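Scroll down for the structure; my scribbles are underneath it.
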Amino acid sequence: MSTHGAETSSTPHYWPPGWHSRDGRLQVAGRDAGDLAEAYGTPLYAYDAGLIRERIEALRTRLPGPVRLSYAVKANPMPELLSALSPWVDGMDVASGAEMHAALAAGQPAGRISLAGPAKPRALLEAAIEAGAVVGIESARQLELVGEIAAATKTAPELCLRLNPDFRLRSGGMRMSGGPSPFGVDAEAAGALLERARALGLRIGGYHVFAGSQCLDPEALAESHRRGLAEVLALAPAEAPPAFVNLGGGLGIPYSRGDEPLELGPVAEGLEACLAELDRRLPGTALVLELGRYLVGEAGVYLTRVVDRKVSRGRAFLVTDGGMHHHLAASGNLGQAIRKDFPLAVATRLAEPAAETPSVVGPLCTPLDLLADRTPLPRAEPGDLIAIFQSGAYGLTASPTGFLSHPPPAEVLL
Ligand SMILES: *Cc1c(COP(=O)(O)O)cnc(C)c1O
């Protein structure tokens, strides 16, 4: 099967590694997409656990050995996927009580789970401290609440300080730092917060910097990791080195036409330098990356069935049983400035050449429910399956399933 870049055939503009076609039909973990659609119904999210494992192994081969990999649960919290992935990573990042419990249920030891989020009400902090998870401090109030809970329960909570660094990821889909931000403590205010933590008898055992997400520029990533570490080194006391520094991640995957897969070389070199610096300044401190989409995004496909085809004023429309209510990101409504198609194909006609440029739309009564905008595809008929690749992260979990009250999709890990 060809790789990305196919122009006029029915192959999508990006064909993720590890996916195969047999007799012109998409195979998912060695199973025919049509059989899966019969067995589980459509619409269907299907994830290939083998591809997730290969991805993590390949990444570990490329990155310096000591780098720890944490999984950001918000990318895909499916319980079976978490359980499968749990032994392959060194921790999980969670951002709600339910994600924390999902990570525990998947087998992560509490001490390897860290809790982030701008709102951590007292009950959530109490639950996290009781469970023994690492609580990320992101505001003065969170620190005070943790101090009160620690005093009341006579516990020594595991804490890390999340910094809002004073730089931005140079390129990347979603910037999460650099200016005013609800996430983390402004780097310039962190010194005072550390002092307050000491006064409260709390130990800050780790530091966390997350500069942004979905970055395909390896030099920009390396720079953000280097600068994130510099901000931590300016703060962390050398006489009592923290257990870990989490430099975020931000490693992106190709979605749009023109995106190229991330080149890992410069990222790995940058991390090598970070490790050396860490070894000099804070010996014994571990370096952590937290990744979501890079680990699971390419290992999932969304399968939806064509229920109608119509031609309106000369334009062909394929109407499917799935849409933006299951896959907001593919419809372009999850934070994209300019709507671009995800890589998509007719899973039941992969060997056929493109014959028309239909729009693929979902069942919702809104023009926002658009999965592909006049894209070259073979002629598909009702009953055919459309596959949307790159759907393993920020798919179902990031979608408004209640909107228009259609049934939810099935989800399966193979
Ligand atoms: C969302 C998030 C991640 C994961 O981002 P990806 O782009 O999926 O890798 C990591 N860390 C934090 C703090 C996040 O909010």
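Values quoted throughout were computed directly from the atomic coordinates according to the rules given, and no laboratory measurement underlies them. This is a predicted model, so every value here is computed, not measured. Every residue, glycine as well, gets a Cβ built from its backbone with ideal geometry; the counts of neighbours run over all protein chains shown.
Brief remarks on what is shown
- For a paramagnetic label modelled on Glu195 (point 7 Å from Cα along Cα→Cβ), amide N atoms under 16 Å away belong, within the stretch 209-252, to 235-237.
- Between Cys160, Gln108, Pro87, the Cα set farthest toward the positive side of the dipole of the chain (charges on each charged residue's Cβ, about the Cα centre) is that of Cys160.
- Cα centre as origin, Lys/Arg/Asp/Glu Cβ charges: the stretch 31-84 dipole, Debye: 500
- Degrees, to the nearest 10: 218-233 long Cα axis against longest axis of the chain: 20
- For Ser83 and Arg62, the FRET efficiency from 1/(1 + (r/R0)^6), where r spans their Cβ atoms and R0 equals 35 Å, is about 0.85.
- Test item: Cα-centred dipole of the stretch 11-103, Lys/Arg +1 and Asp/Glu -1 on Cβ, debye: 320
- From the alpha carbon centroid of the stretch 285-340 to that of the stretch 124-156 is 38 Å.
- By the count of neighbouring beta-carbon atoms within 10 Å, fewest first, Asp279, Asp341 end up ordered Asp279, Asp341.
- Calculated log₁₀ intensity ratio I(q)/I(0) where the Debye formula runs over C-alpha points of the stretch 50-296, q = 0.09, 0.14 Å⁻¹: -0.35, -0.89
- Note on the chain: Cα Rg divided by 2.2 N^0.38 Å, N the number of residues, gives 1.04.
- Convex hull volume per residue for the stretch 236-374, taking Cα atoms only, in Å³: 157
- Considering only the chain, percent of DSSP beta bridges that pair antiparallel, nearest 5: 45
- Taking the Cα centre of the chain as reference, the dipole from Cβ charges on Lys and Arg (+1) and Asp and Glu (-1) amounts to some 440 debye.
- Segments 379-392, 222-235 sorted - mean Cβ within 10 Å per residue, highest first: 379-392, 222-235
- Cβ-Cβ FRET estimate between Glu356 and Asp90, R0 fixed at 35 Å, reported to 0.05: 0.15
- In the chain, lysine pairs with alpha-carbon atoms under 24 angstrom apart (chain gap of 8 or more, or interchain): 4
- Helical contribution to [θ] at 222 nm, DSSP H n ≥ 4, -39,500 (n - 2.57), averaged over the chain, rounded to 500: -8000 deg cm²/dmol
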